[in-house]
Amino acid sequence: MNAIISAIVKAYENKKTIAAAMGAHVIKVGLNPVVIDLMERGIIKAVAMNGAGIIHDFELAMTGQTSEDVAASIGDGSFGMAQETCDFLGKAILQAGRKNIGLGQAVGQAVIDAGLPVAEKSILAAGARLGIPVTVHIAIGTDIIHMHPEFNPQEAGGASYRDFMTFASVVASLDQGVYLNIGSAVILPEVFLKALTLVRNLGHKVEKLTTVNMDFIRHYRPMTNVVHRPTLEGGKGYNLVGHHEIMLPLIAAGVIEQIE
């Protein structure tokens, strides 16, 4: 962990890109304030999340808590049928299409415009407020909003594709920077590898980078697509096994202490 903290501090002091990709579980265990603090300090320069991220981030901003008891509601088909979540995000997706912007920016701005009671705890809203890209990478059929008639798959796909282009531009700047994959076992490791090969194909030098995977168990794709393959040309990959709610605050505290 000390080596990771040192790599982040070095990248920050040398004005290199530090980007964090995260599964929605990071939000569910209450780490939004930690991520937002690192964004406000100028340490994290970009955030990527999967489609579930906008659901839990919005619900946190709306009610101060998120998640539901899947086991209790899957039997009668009521799981994922909350109207408020799907109405709000359905409208934000349409707005992304009208404004030709990414999904993350559209939802973040919608959270701000709606004046949601706990908007200060929204990573998406923080990105819109600070001008930090928060990109959302969806897989159709994986999220509760995809079951609702308000969901527009064409607009959602277009908005997520625009976010992929933004994400690729972030990856293009990762040379001597740090990329953290926190709690995404499939979607974001795949997106990262495709973005990395895209920018290298276009001639961007992304060789000496530090990659970090953090999760409570070891998974194949993060180990392969985040830790090993991207650092074959140089740099160093790390894998940390442990709970997000312990590891991420420890890393954040270590980075802030060294910077200050």
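The values are calculated or read from the model by the stated rules, or taken from the named source; none is laboratory data. Bear in mind the structure is a predicted one, so any value in this text is a computation, not a measurement. Every residue, glycine among them, receives a Cβ derived from its backbone with ideal geometry; neighbour counts consider all protein chains shown.
Annotations
- Members of region 30-50 found to be farther than 15 Å from residue 18 by Cβ and surrounded by fewer than 22 Cβ atoms within 10 Å (Cβ to Cβ), listed by number: 30, 31, 33
- Residues satisfying the stated conditions in region 141-159, i.e. closer than 19 Å to residue 105 by Cβ and outside any helix (DSSP H, G or I): 143, 151, 152
- Once region 127-165 is narrowed to residues that are among the hydroxyl-bearing types (Ser, Thr, Tyr) and under 13 Å from the mean Cα position of the chain (by Cα), the residue that is surrounded by the most Cβ atoms within 10 Å (Cβ to Cβ) is 135.
- Subset of region 186-230 that is surrounded by fewer than 18 Cβ atoms within 10 Å (Cβ to Cβ) and among the hydroxyl-bearing types (Ser, Thr, Tyr) - its residue that is farthest from residue 163 (Cα to Cα): 220
- Of all residues in region 164-216, those being among the small types (Gly, Ala, Ser), more than 28 Å from residue 29 (Cβ to Cβ) and touching a residue at least 60 places away in the same chain (Cβ under 8 Å) number 1.
- Set side by side, the residues 50, 32, 14, 100 differ, and just one is in contact with a Lys or Arg (Cβ under 6 Å, 6 or more places away or on another chain) and not charged (D, E, K, R), which is 32.
- Lone qualifier among 79, 58 - being farther than 27 Å from residue 4 by Cβ and modelled with pLDDT of 95 or more: 58
- Evaluation of residue 22 against the conditions (1) of a type in the set (A, V, I, L, M); (2) in contact with a Pro (Cβ under 9 Å, 6 or more places away or on another chain); (3) surrounded by 22 or more Cβ atoms within 10 Å (Cβ to Cβ); (4) within 28 Å of residue 260 (Cβ to Cβ) shows that the sole unmet condition is (2).
- Residue within region 6-17 that is out of contact with any Cys (no Cβ under 7 Å at 6 or more places or on another chain), surrounded by 18 or more Cβ atoms within 10 Å (Cβ to Cβ), aliphatic (A, V, I, L, M) and under 12 Å from residue 249 (Cβ atoms) present: no
- Verdict on residue 42 being at pLDDT 95 or above, more than 24 Å from residue 163 (Cα to Cα), over 14 Å from the mean Cα position of the chain (by Cα) and outside any helix (DSSP H, G or I): no
- Note on region 107-119: residues that are outside any loop (DSSP other than H, G, I, E, B) and either in contact with a Leu (Cβ under 9 Å, 6 or more places away or on another chain) or free of Cβ contacts under 8 Å to residues at least 24 places away in the same chain (or both) total 7.
- Residue among 53, 80 that alone is small (Gly, Ala, Ser), buried (at least 21 other Cβ atoms within 10 Å of the Cβ) and in contact (Cβ under 8 Å) with a residue 24 or more places away in the chain: 53
- Members of region 225-246 that are farther than 18 Å from residue 22 by Cβ and either touching a residue at least 60 places away in the same chain (Cβ under 8 Å) or under 19 Å from the mean Cα position of the chain (by Cα) (or both): 236
- Test set (1) under 15 Å from residue 35 (Cα atoms); (2) assigned to a helix (DSSP H, G or I) - residue 90 fails condition number: (1)
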